[in-house]
Amino acid sequence: MDDTEQEPLTNPLEIESTETTAMPSISQTHSKTLIGAFFAFTIVVGLTVATQPTGAGWRFFSWHPFLMVSGFIGMMGSAAITKKLGGYANTKLHGMMASGGLMMAFGGLYVIYRNKEILGKEHITTTHGLAGLITMTGALMVSLAGGIFLHPDFGADKTNKTIRFAHKWFSRLVMAGAWITCLFGLMTLTKNPAILGLFSVPLLILAPLTLI
């Protein structure tokens, strides 16, 4: 067999890339701006929310809102933006960031559980608490489905368009629900319109750019 008859060598990484690459729905510059906005939101708004009501200061409970904002908004919002860039590396980074956000959220769940135990209060007695539990369950389901079926290296059915479509839109539904749940949680801590606006206005701007 001469050189013209030999099959070209193929890099396995390139094969994986073709399975996870779609036309980017966002530019690199745009993505960096949005991810920067999410991290700024986490630091500025997350710390503000964690010290409500005004004057309460930082206490053990503060870790609950801070970790929920960091996980569901900062990390998962950035993960959604990263996935919009497409490609093998961005898909893996998306999974790691989303998983990191989920772990932060579970940290926040532990804090509120432990805080109620310390204070001798009952668990899941409010609409916010029930919505939070539903949101956490949905986020865990999405994470497991993504890791088991869609991981670009070992996903059991990573090219299945139906599973990818369901994962994409169910993830966004869960994240939207989490943002609303966070807002309702903040409303139990303060009625200050400036604080509520500081939280909700940036999310109203980021939501269509992230969830659609």
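Just so you know, all these numbers are worked out from the coordinates, no wet-lab data involved. Worth saying up front: this structure is predicted, and the values here are computed from it rather than measured. Positions of Cβ are backbone-derived with ideal geometry, glycine not excepted, and every protein chain shown enters the neighbour counts.
One line per residue, one yes/no per condition, for (1) over 25 Å from Phe39 (Cβ atoms); (2) surrounded by fewer than 14 Cβ atoms within 10 Å (Cβ to Cβ); (3) of a type in the set (A, V, I, L, M, F, W, C); (4) within 18 Å of the chain's Cα centre (by Cα):
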residue	(1), (2), (3), (4)
Asp157	yes, yes, no, no
Lys161	yes, yes, no, no
Phe165	yes, yes, yes, yes
Cys182	no, no, yes, yes
Leu186	no, no, yes, no
Leu189	no, no, yes, no
Leu198	no, no, yes, no
Leu211	no, no, yes, yes
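Criterion applied to Gly95, Gly55, Gly46, Gly74 was being free of Cβ contacts under 8 Å to residues at least 12 places away in the same chain and within 30 Å of Tyr110 (Cβ to Cβ), and the one residue passing it is Gly55.
In the set (1) under 15 Å from the mean Cα position of the chain (by Cα); (2) more than 30 Å from Asp153 (Cβ to Cβ); (3) among the aromatic types (Phe, Trp, Tyr), Phe61 fails one condition alone, (1).
Considering only residues that are part of a helix (DSSP H, G or I) and exposed (fewer than 13 other Cβ atoms within 10 Å of the Cβ), look in the range 114-132 and name the one that is nearest to the chain's Cα centre (by Cα). So the residue we want is Leu130. Screening Phe154 against (1) in a loop (DSSP other than H, G, I, E, B); (2) aromatic (Phe, Trp, Tyr); (3) in contact with a Leu (Cβ under 9 Å, 6 or more places away or on another chain) leaves a single unmet condition, (3).
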